[in-house]
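Chemist: I'd like to ask you about the structure that follows.
The values are calculated or read from the model by the stated rules, or taken from the named source; none is laboratory data. Quick caveat, the model's predicted, so the values are computed rather than measured. Note: ideal-geometry Cβ built from the backbone for every residue, glycine included; neighbour counts use all protein chains shown.
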Amino acid sequence: MGIKVIAKVKDDVAEVKLLIKHPMQMANAKTNKTAKYIQELLVKHGGKTVYTMYPSVGISENPFIKFMFKGAKVGDKINVSWKDNTGETEQGEFDLK
Amino acid sequence: MQRRNFIKIGGFIALGVLSPSLYAGFLEDHAKAFTFKSAPEAMGDLYGQAKSAADSKVELKVPDIAENGGAVPVTISTTLSDVVEMSLFVEKNPYPLIAVWQINENTIPDFSTRIRMGETSNVVLVVKTKDGTLHTATKEVKVTVGGCGG
């Protein structure tokens with residue numbers, strides 16, 4: 001697992017690119033694999049949620065996400081967190097540049 | 001007096017029961033939407049009988065042809081105001097609902113990601129506005145090698 005973030009601010013808008021290491025695995029009866037996929041992905045900035053996504057196995061392995069939000073300044077921090085269907089979670093804090 | 005207190009307490013209890021579903025309950029309420037095998041059923045779970053219509057203010061950027069169905073780049077955006085939710089469907093995928101996005105106060109409704117497509121299919125973007133109406137954009141993507149195996 002692992003979260004990589006590139007986040008740049010221009011005027012007061014932050015452009016955030018996320019790359020999350022996760023299998024986003026579908027269940028497969030033939031290979032006995034059980035599903036493992038991120039169900040909830042949240043990004044918070046200064047106490048406000050700025051990105052709320054509920055993904056499924058329809059999102060590719062190692063999800064790439066790009067989004068933008070208003071009210072950002074260089075040096076601010078964002079908190080990225082996800083939870084998958086097996087209950088596993090990960091979170092990290094990142095600087096806006 | 002006693003009656004008033006009862007009403008007060010009742011009100012707090014009601015708030016306590018309601019608030020989780022208002023703030024953190026999307027998956028509790030709609031996890032089932034991701035399990036439907038047809039796009040109309042999944043849409044029905046999310047939006048009930050809400051009216052939907054194609055809208056030029058809703059933009060869905062996908063390639064015409066995807067060589068690798070395992071990672072098809074998608075950008076979804078809209079110039080509509082008062083957007084509350086966006087959702088993306090691949091009609092012919094085993095589970096057509098790909099993802100749901102909720103739009104917060106500071107969120108700009110312009111997202112990119114990569115999706116899986118098992119075969120050539122229509123991709124449908126649904127944008128829900130505050131008034132409860134649904135605005136859609138649809139595009140077909142031809143898939144050369146499907147990405148729903150494994």
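Chemist: Out of the residues in region A:64-87 meeting the condition of being outside any loop (DSSP other than H, G, I, E, B) and of a type in the set (D, E, K, R), tell me which one is nearest to A:A27 (Cα to Cα).
Modeler: A:D84
Chemist: While we're here: Check off (1) more than 27 Å from B:P109 (Cβ to Cβ); (2) under 15 Å from the mean Cα position of the chain (by Cα); (3) exposed (fewer than 14 other Cβ atoms within 10 Å of the Cβ) for A:P23 and give me the number that stays unchecked.
Modeler: Condition not satisfied by A:P23: (3).
Chemist: Do you know which residues across region A:22-47 are modelled with pLDDT of 95 or more and of a type in the set (K, R)?
Modeler: Within region A:22-47, A:K36, A:K44 qualify.
Chemist: Can you give me the ranges of the strands (runs of 3 or more DSSP E) entirely in region B:95-150 with at least 1 residues that are surrounded by fewer than 23 Cβ atoms within 10 Å (Cβ to Cβ) and away from chain A (no Cβ under 12 Å)?
Modeler: Of the strands (runs of 3 or more DSSP E) lying wholly inside region B:95-150, those with at least 1 residues that are surrounded by fewer than 23 Cβ atoms within 10 Å (Cβ to Cβ) and away from chain A (no Cβ under 12 Å) span B:121-129, B:134-145.
Chemist: Has region B:72-83 got at least one residue that is touching an Asp or Glu at 6+ places or on another chain (Cβ under 6 Å), closer than 18 Å to B:T113 by Cβ and within 11 Å of chain A (Cβ to nearest Cβ)?
Modeler: Among the residues of region B:72-83, at least one is touching an Asp or Glu at 6+ places or on another chain (Cβ under 6 Å), closer than 18 Å to B:T113 by Cβ and within 11 Å of chain A (Cβ to nearest Cβ), which makes the answer yes.
For every residue, the table says whether it meets (1) buried (at least 20 other Cβ atoms within 10 Å of the Cβ); (2) more than 17 Å from the chain's Cα centre (by Cα); (3) closer than 17 Å to B:G146 by Cβ.
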position: B:A53; (1), (2), (3): no, no, no
position: B:V58; (1), (2), (3): yes, no, no
position: B:K61; (1), (2), (3): no, no, no
position: B:I65; (1), (2), (3): no, yes, yes
position: B:G69; (1), (2), (3): yes, yes, yes
position: B:V72; (1), (2), (3): yes, yes, yes
position: B:S77; (1), (2), (3): yes, no, no
position: B:V84; (1), (2), (3): no, no, no
position: B:L88; (1), (2), (3): yes, no, no
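Chemist: It is to be established whether one or more residues within region A:6-16 are touching a residue at least 40 places away in the same chain (Cβ under 8 Å), within 13 Å of another protein chain (Cβ to nearest Cβ), under 30 Å from B:F36 (Cβ atoms) and of a type in the set (A, V, I, L, M, F, W, C).
Modeler: Taking every residue of region A:6-16 in turn, none turns out to be touching a residue at least 40 places away in the same chain (Cβ under 8 Å), within 13 Å of another protein chain (Cβ to nearest Cβ), under 30 Å from B:F36 (Cβ atoms) and of a type in the set (A, V, I, L, M, F, W, C).
Chemist: Separate question: Scanning region A:26-42 for residues that are at the interface with chain B (Cβ under 9 Å from one of its Cβ atoms) and out of contact with any strand residue (DSSP E or B) (no Cβ under 9 Å at 6 or more places or on another chain), which turns out farthest from B:I108 (Cα to Cα)?
Modeler: In this case the residue turns out to be A:T31.
Chemist: Closer than 25 Å to B:K37 by Cβ, part of a loop (DSSP other than H, G, I, E, B) and modelled with pLDDT of 95 or more: does that describe A:E61?
Modeler: yes
Chemist: If a residue must be surrounded by fewer than 18 Cβ atoms within 10 Å (Cβ to Cβ) and at the interface with chain B (Cβ under 10 Å from one of its Cβ atoms), how many such residues does region A:43-56 contain?
Modeler: The number of residues fulfilling the criteria is 3.
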